[in-house]
1. Would you mind telling me which numbered condition in (1) without any contact (Cβ under 8 Å) to a residue 40 or more places away in the chain; (2) outside the structural domain of THR399 (by TED's automatic domain parsing) ILE685 fails?
2. What tally of residues in the range 561-581 results from selecting those that are more than 18 Å from GLU470 (Cα to Cα) and part of a strand (DSSP E or B)?
3. Could you please find all residues in the range 288-297 being modelled with pLDDT of 80 or more and crowded, with 21+ Cβ neighbours inside 10 Å?
4. May I ask you to say which residue of SER738, SER709, SER721 is in contact (Cβ under 8 Å) with a residue 12 or more places away in the chain, among the small types (Gly, Ala, Ser) and more than 27 Å from ASP184 (Cβ to Cβ)?
5. Only one of (1) hydrophobic (A, V, I, L, M, F, W, C); (2) modelled with pLDDT of 80 or more; (3) not in a helix (DSSP H, G or I) is not met by MET758, so which one is it?
6. Among the residues of the range 410-442 satisfying the criterion of being under 24 Å from LEU326 (Cβ atoms) and in contact with a Ser or Thr (Cβ under 7 Å, 6 or more places away or on another chain), which is modelled with the lowest pLDDT?
Amino acid sequence: MNQAEKIVIKVEGMDCASCARVVESAVRSVEGVRDCNVNFSTSSVQVTLQDESHKEDTAGKLIKAIRSAGYGAEPVGQNNVDTESTPVRNNDWISQVLHIQQLRAAITAGFFYLLGVIFGFLNSKGIIPQFPEIPSILAVFGLSLEKVNLIQLIFYGLAIVFGGYNIARSGVIALLRTRTASIDLLMTIAVLGAVIINQWSEAATVVMLFSLGEGMESLTINRARNAIQELLQIAPQVARIRRGGETIQLPVEEVELQDVMLVRPGERIAMDGRVISGYSTVNQAPITGESLPVEKSPGDEVYAGTLNQRGYLEVEVTKLAEDSTLARITRLIETAGANRAETERFMERFAKYYTPAVIALAILLAVIPPLMGEPFIPWFYRALTLLVISCPCALVISTPVAIVAALGNASRHGMLIKGGGYIELAGQIGAIAFDKTGTLTHGRPEVVEVYATDGYEPEEVISLAATIEERSEHPLAAAILRRRELEVAASPQHVHGDQHQHLYPHDESEFELIAKEISDFEAITGRGARATIDGTTYYIGTPRLFEELGVDISKLSHVIKKWQEDGRTVLIVGSDREVFGAIAVEDEPRPESREVIQKLRENGIQHIVMLTGDNSTTARSLAQRLGIDEYRAELLPEDKVQAIRELKDEYGKVAMVGDGINDAPAMAAADLGIAMGAAGSDTAIETSDIALMSSDLTKLPFAIKLSRSTLTTIKSNIAFSLFIKAAIILLSAIGITSLWLAILADTGASIIVTANAMRILRHKPAE
């Protein structure tokens, strides 16, 4: 699907699942809409169009449809959130309050309600007749002191109208569009019922309290959303570019690949790129979550939205604005709402049966007792009270708010979680499988020892190995190439400036062939690599590879055994007839790996396993050093997939942690795929369920802890909401409670569960 065929719209006032359904219904009613995804986390809707030719017209129709449904709507740019439509995030609490429609309605309703209360109080104390001006003022409106009560009712009526208009409108729209009785509709019925039985004060109180509760709810939810929204807004929309010897400022959409971007100290970087000149430190926390700035020098990657601190940088643009790491993260966040937590789905299904059941009970409560001779008004009042409490607002909102808070916290600390379903899943993991290279280790192996068989020199073994590996992208190949570069730099030919075709010419030796162009290079997955040189095929790879080739490696057996016992990776160099030598490569484990393994156990992970293509001896040595429960070695990618399946059968939910393309099949086979060091890696970001943007492994236990804390919060919110509902329903049925107390309990419960969910934002990796 072409990106131009998608429209993202910011929606104001969407604070519950019922709101989301109304918005979705309004969007789908517009002609030209193929599909839509309503995202509660970002309070937005992403619309896929059938035809982009009428995109602007359709966008206008979409905004009109959403606004007609009772919600604010503004278009959002492809790469950023429209700042004008984003909730206010400054420290001016008055501006924040006035930005929310429900709070404005509550303030207006409260003003008229207060006038009614004051007027009634003064009249009841006989104070009003003491002011001779008052009868004259009343006469202007055709009123008298005998009709003072009517004035009080007028104030209450104004409170009901100003505070309840949007409530009634939203309730009716929701009923017409989704055929469901929303909280707004139930409140409207309750208020009208109270007016019918002449309970004007109660009706005004209900409107005021409900508007206030909904507004406070929105204010709190916006705080949770802001953690996500702030990430989406950090990239500058203008870049300083040098073209043709001139420095110009261009919108990021007009910047081209290989343009040179100039970044001054204290500026945010506008585009992904590679430093070509200058030295500085860059705060990458918005992308990677790293607490300390990272030093940048020529050759280093930088990301859009990060903050250049002290130095001047010239950066070659390597990705267009729509392809930047931040833009990709933004698009994934915008679609994260599609993956909803199972608990959220369950509560919505529960609400579909719960609400009609309680409404039916309220009707029976209003009808049956009067038919049996009981007075109508008291039982009708009890029914209205039960009706107010019937809406499962606190129940339904308890899960999505917690999810939003968790997503916001994760993004703040450099973790991209692609939906509430994965947050919930992370808390259910029974076993975690780790890739070895680049995950538990630094991913930068180095050659530590070279052994040559009789007739050859270690330098020749390295030279041949490097020639074969020149076309390989494997980390082990990179280590061999680095070793050759060091030896070339130290060679006499290099020192004296001689231009030899190859490093170690050997008369009548097979190694003279390495100067010639290689052909038929092939990477042998999980084994090594081969290349044909002047008709002869040479190999570099594991001992297993040469055993499968039928090559005798007995002359290397003592070296292989010793190196493997030391935890080193062994690579053999040879042809299809003989071996020339062996290379020992070592990849040091990350210093935090052992601590991370321990913390995962403390967070309830039952089993931790390492999956690697390395030999068993090396794998066993590393597993013992890190305290890993189990290791499986000499695995091909398909073997890792099978291992994941076996772990799922034994431990239930399984997560796979990796850093490379080779890990993608195993990550896909696992219940939860977690990618490390995803910043700048499109594949890792796209294929994983959770992306740790930096290579900091300590974020993994935090992700698990955050997930489990979120699940605990959701369960406590649900339990509290059910208790409050049950208590008020019981009290309403026996006539002990009142209408205003019921609404206070309902909105109060919603505020409490929302505030409880907000505590998730305070969780930190260091805890």
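1. (1)
2. 5
3. Of everything in the range 288-297, just one residue is modelled with pLDDT of 80 or more and crowded, with 21+ Cβ neighbours inside 10 Å, namely LYS296.
4. Of the residues listed, the single one that is in contact (Cβ under 8 Å) with a residue 12 or more places away in the chain, among the small types (Gly, Ala, Ser) and more than 27 Å from ASP184 (Cβ to Cβ) is SER709.
5. With respect to (1) hydrophobic (A, V, I, L, M, F, W, C); (2) modelled with pLDDT of 80 or more; (3) not in a helix (DSSP H, G or I), MET758 is out only on (3).
6. GLY414
Conditions (1) buried (at least 17 other Cβ atoms within 10 Å of the Cβ); (2) more than 23 Å from the chain's Cα centre (by Cα); (3) not in a helix (DSSP H, G or I), marked per residue:
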{"site": "THR355", "(1), (2), (3)": "yes, yes, no"}
{"site": "GLY373", "(1), (2), (3)": "no, yes, yes"}
{"site": "LEU387", "(1), (2), (3)": "yes, yes, no"}
{"site": "THR399", "(1), (2), (3)": "yes, no, no"}
{"site": "ALA402", "(1), (2), (3)": "yes, no, no"}
{"site": "LEU407", "(1), (2), (3)": "yes, no, no"}
{"site": "ALA433", "(1), (2), (3)": "yes, no, yes"}
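Each row is one residue, and each column tells you yes or no for (1) of a type in the set (A, V, I, L, M, F, W, C); (2) more than 29 Å from the chain's Cα centre (by Cα).
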| position | (1), (2) |
| --- | --- |
| GLU592 | no, no |
| LEU600 | yes, no |
| HIS607 | no, no |
| THR617 | no, yes |
| LEU622 | yes, yes |
| ALA633 | yes, yes |
| LYS648 | no, no |
| MET656 | yes, no |
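The values are calculated or read from the model by the stated rules, or taken from the named source; none is laboratory data. Predicted model, so just to flag it, every value in this text is computed and none were measured. Don't worry about glycine lacking a Cβ; one is built from the backbone with ideal geometry, like all the others, and counts go over all protein chains shown.
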